[in-house]
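Chemist: One structure, pasted below without further comment.
The values are calculated or read from the model by the stated rules, or taken from the named source; none is laboratory data. Treat the numbers as computed from the prediction; the structure is a model and nothing was measured. When we count neighbours, we look across all protein chains shown, and the Cβ atoms used for this are built from the backbone with ideal geometry, even at glycine. Accessible surface areas use protein heavy atoms only, side chains included; no ligands, DNA or RNA. Shrake-Rupley method; radii C 1.70, N 1.55, O 1.52, S 1.80 Å.
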Amino acid sequence: ERAKMMNRIRALLFLCYVAMVACTCDLTGVNLSGAEFGSGDIPGAIFHNYVWDGPKDAQYFVNKGMNYYRVPFLWERLQTVAGGALEEKELKFMFTLVNFLTEQNNMYVMLDPHNYGRGFGGKIGQSSTSITLYADFWYKLALEFKNNSKVIFGLMNEPNGQDVHIWRNAAQRAIYAIRFAGASNLITVPGVDWTGAHSWMEQNAAVMNVIDDPADNYIYEVHQYLDIDSSGTHNTCVSADVGWKALVNFTAWARKLGKKAILGEFGGGPDPLCGAALTNMLGYMDNNTDVWMGWWMATSLNSMSP
């Protein structure tokens, strides 16, 4: 098992190197899973069901010159009662990491509720988990971080199985709640259908273009894996061109709106074809920096997804 893990780590580091060389984007960084684990055990026991990254975990990536760090967590872990106060214990862990990265190392940090468009057992706006409760959560979290301009608010990880109009309304209400809290921080807006770049034109394009931000400080977030169904669950990639071609229509859509975007998750297996596909995709982004603001790597040792 140790040998398998070391091979995964070596492959991951190779893909990280390829990504950093291939694209000179403004934001290049990493996502370390932890506080979103244990969704069946809420709130759960820290270091047993879930974990928060700390300064020691982040230092390696600081040393590698990355300037962006995504912090995933479960909504229900930070706010165990819908509409209630945020949990002080969890906020303390979050602040420790955020302050280390932003104040001591001048990095940007994205706060990412890793709930797939859901919360407290239901789809946002399509169950007892109302849009009002979702906006309440973002209002309270924005109050905590509104004075730190290095903090980015990622509205949600990969909404899926939802009506796109309802999701757009939920995202809109969350943006208004963040601004009402007095926060002018950058916001990233995903679409439905796992916010896939390859499928963006099918549902999201005609609906997610209608976003109002009083601060005019938001960008779109898309994900793109390189395997046969763009899920990131296979070790093989379709071709050397699969990645950049998947971004073309979305790029044109965002350019027409005059909006920027970030590639929030991407990846493939540790083989030469996937390495070429990754290089070509990030090279395409590098040639279209009027739209593409950056990327972050999802450092899963199982999926090898940068």
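Chemist: Tell me, what is the FRET efficiency for residue 213 and residue 41 to the nearest 0.05, using R0 = 30 angstrom and their Cβ-Cβ distance as r?
Modeler: 0.25
Chemist: Roughly speaking, to the nearest percent, how much of the stretch 216-295's 1.4 Å accessible area is carbon and sulfur?
Modeler: 53 percent
Chemist: Semi-axes, largest first, in whole Å: what does sqrt of 5 times each Cα gyration tensor eigenvalue give for the chain?
Modeler: Output for the chain: semi-axes of 28, 23, 19 Å.
Chemist: Evaluate the relative contact order of the chain (contact order divided by residue number), counting alpha-carbon pairs under 8 angstrom at least 6 apart; express in whole percent.
Modeler: 20 percent
Chemist: Please give the per residue accessible area of the stretch 153-306, computed with a probe of 1.4 Å over protein heavy atoms only, in Å².
Modeler: I get 36 Å² per residue for the stretch 153-306.
Chemist: Counting each DSSP H run of 4 or more residues in the chain as -39500 (n - 2.57), what helix-only mean residue ellipticity at 222 nm follows after dividing by all residues, to the nearest 500 deg cm²/dmol?
Modeler: That comes out to -11500 deg cm²/dmol.
Chemist: Just how much of residue 293 is accessible, in Å², when a 1.4 Å probe is used and the result is rounded to the nearest 10?
Modeler: Accessible area of residue 293: about 40 Å².
Chemist: Here's another thing I want to ask about it. How much length is gained if the chain between residue 26 and residue 95 is pulled fully straight, taking 0.36 nm per residue apart and subtracting their Cα-Cα distance, in nm to one decimal?
Modeler: This chain segment gains 22.4 nm when fully extended.
Chemist: If you stretched the chain out fully between residue 202 and residue 287, how much longer would it get, using 0.36 nm times the residue separation minus the C-alpha to C-alpha distance?
Modeler: 28.1 nm
Chemist: Next question, about the same structure. Just tell me, in residue order, which DSSP H segments of the chain are both 20 angstrom or longer along the helix axis (alpha-carbon based) and at least -0.5 in mean Kyte-Doolittle hydropathy.
Modeler: 2-22, 131-145, 164-180, 242-257, 272-286
Chemist: What translational diffusion coefficient, in µm²/s and rounded to a whole number, does the Stokes-Einstein relation yield for the stretch 183-306 at 20 °C and a viscosity of 1.002 mPa s, taking the hydrodynamic radius as the Kirkwood radius over Cα pairs?
Modeler: Translational diffusion coefficient: 146 µm²/s.
Chemist: Treating the beta-carbon of each Lys and Arg as +1 and of each Asp and Glu as -1, no other charges, what is the dipole magnitude of the stretch 95-175 about its Cα centre, to the nearest 20 debye?
Modeler: In total the dipole reaches around 160 debye.
Chemist: At a Förster distance of 22 Å, what's the computed FRET efficiency of residue 257 paired with residue 132, Cβ-Cβ distance as r, to 0.05?
Modeler: Computed FRET efficiency for residue 257 and residue 132: 0.20.
Chemist: Can you pick out the pairs among 140/256; 56/92; 56/123; 92/260; 123/150 whose Cα atoms lie more than 27 Å from each other?
Modeler: Going by Cα-Cα distance, 140/256; 56/123; 92/260; 123/150 fall outside the 27 Å limit.
Chemist: Same structure again: Points 7 angstrom from Cα along the Cβ direction at residue 236 and residue 80: gap in nanometres?
Modeler: Going by the 7 Å Cα→Cβ label model, 4.8 nm.
Chemist: Could you tell me the distance between the Cα centroids of the stretch 125-146 and the stretch 74-112, to the nearest Å?
Modeler: Distance between centres, Cα-based: 15 Å.
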